[in-house]
Amino acid sequence: MTLSVGDLAPDFEIKDQHGQLVKLSSFRGDKNVVITFYPYSFTGTCTGELCALRDDLGSFQNEKVQLLAISCDSPFSQRVYAEKERYTFPVLSDFWPHGAVAKAYGVFDEKKGCALRGSFVIDKAGVIQFALDNGMDARNHEDYKTALASL
């Protein structure tokens, strides 16, 4: 991972599952942001992780925090995936240029062409307060809660 705690989070603007542009810097001064990169929509581990966030959404998306889930799948896939699993948080498509956001965050697997399980908590000033690269292994969402509690 090329980014670490204390770094300014790279800004990005990509589409969500509804085709709306989401810009990271639009949350500055207003909300902390949890970014969870995941490899592939519609796969068991990825679905399990995002459903766990969905089922505890109040901890990760509220008046102080915004959750953003990002994979390199197309915007069309993201829409079907989000509808199928009833995700009400933004599911962003880092499709084109392929993996540009994941690359900026140092969590892109060039050989597999997908994002790794990168996790970031960014404070209201846009500074990374928590960064973890789990590779392709499942992660513990309690780590996000711990990081958020420290803000």
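The values are calculated or read from the model by the stated rules, or taken from the named source; none is laboratory data. Note that this is a predicted model, so its numbers are computed, not measured. So basically every Cβ, Gly included, is an ideal-geometry build from the backbone, and we count neighbours across all protein chains shown.
Answer with yes or no whether Ser77 is part of a loop (DSSP other than H, G, I, E, B), farther than 19 Å from Ala9 by Cα and either touching a Ser or Thr at 6+ places or on another chain (Cβ under 6 Å) or of a type in the set (Lys, Arg) (or both).
no
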> Looking at segment 105-123, which of the residues that are touching a Leu at 6+ places or on another chain (Cβ under 8 Å) and outside any strand (DSSP E or B) is nearest to Ser150 (Cα to Cα)?
Replying inline: Asp123
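Quick check on this structure: which one of Leu67, Leu50 is on the phi < 0 side of the Ramachandran plot, among the hydrophobic types (A, V, I, L, M, F, W, C) and either modelled with pLDDT under 95 or assigned to a strand (DSSP E or B) (or both)?
Being on the phi < 0 side of the Ramachandran plot, among the hydrophobic types (A, V, I, L, M, F, W, C) and either modelled with pLDDT under 95 or assigned to a strand (DSSP E or B) (or both) holds for just one of Leu67, Leu50, which is Leu67.
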> Taking the stated definitions as given, is Asp55 modelled with pLDDT of 95 or more and crowded, with 21+ Cβ neighbours inside 10 Å?
Replying inline: no
> Are there any pairs, at least 6 apart or on different chains, whose C-beta atoms fall under 8 Å, with the first in segment 129-151 and farther than 19 Å from Ala9 by Cα and the second surrounded by fewer than 16 Cβ atoms within 10 Å (Cβ to Cβ) and not basic (Lys, Arg), and if so, which?
Replying inline: Met136/Asp109; Ala138/Thr45; Ala138/Gly48; His141/Ala52; His141/Asp56
>> From the list Phe120, Phe27, exactly one residue is of a type in the set (Phe, Trp, Tyr), touching a residue at least 60 places away in the same chain (Cβ under 8 Å), crowded, with 21+ Cβ neighbours inside 10 Å and touching a strand residue (DSSP E or B) at 6+ places or on another chain (Cβ under 6 Å). Which is it?
In response: Phe120
>> Thr88 - would you say it is of a type in the set (Ser, Thr, Tyr), out of contact with any strand residue (DSSP E or B) (no Cβ under 7 Å at 6 or more places or on another chain), modelled with pLDDT under 95 and assigned to a loop (DSSP other than H, G, I, E, B)?
In response: no
> Limited to segment 6-17, what total is found for residues that are surrounded by 13 or more Cβ atoms within 10 Å (Cβ to Cβ) and over 14 Å from the mean Cα position of the chain (by Cα)?
Replying inline: 1
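Would you call Leu67 in contact with an Asp or Glu (Cβ under 8 Å, 6 or more places away or on another chain) and either surrounded by fewer than 20 Cβ atoms within 10 Å (Cβ to Cβ) or not charged (D, E, K, R) (or both)?
Working: in contact with an Asp or Glu (Cβ under 8 Å, 6 or more places away or on another chain): no; either surrounded by fewer than 20 Cβ atoms within 10 Å (Cβ to Cβ) or not charged (D, E, K, R) (or both): yes.
Spelling it out, it is not the case that Leu67 is in contact with an Asp or Glu (Cβ under 8 Å, 6 or more places away or on another chain) and either surrounded by fewer than 20 Cβ atoms within 10 Å (Cβ to Cβ) or not charged (D, E, K, R) (or both).
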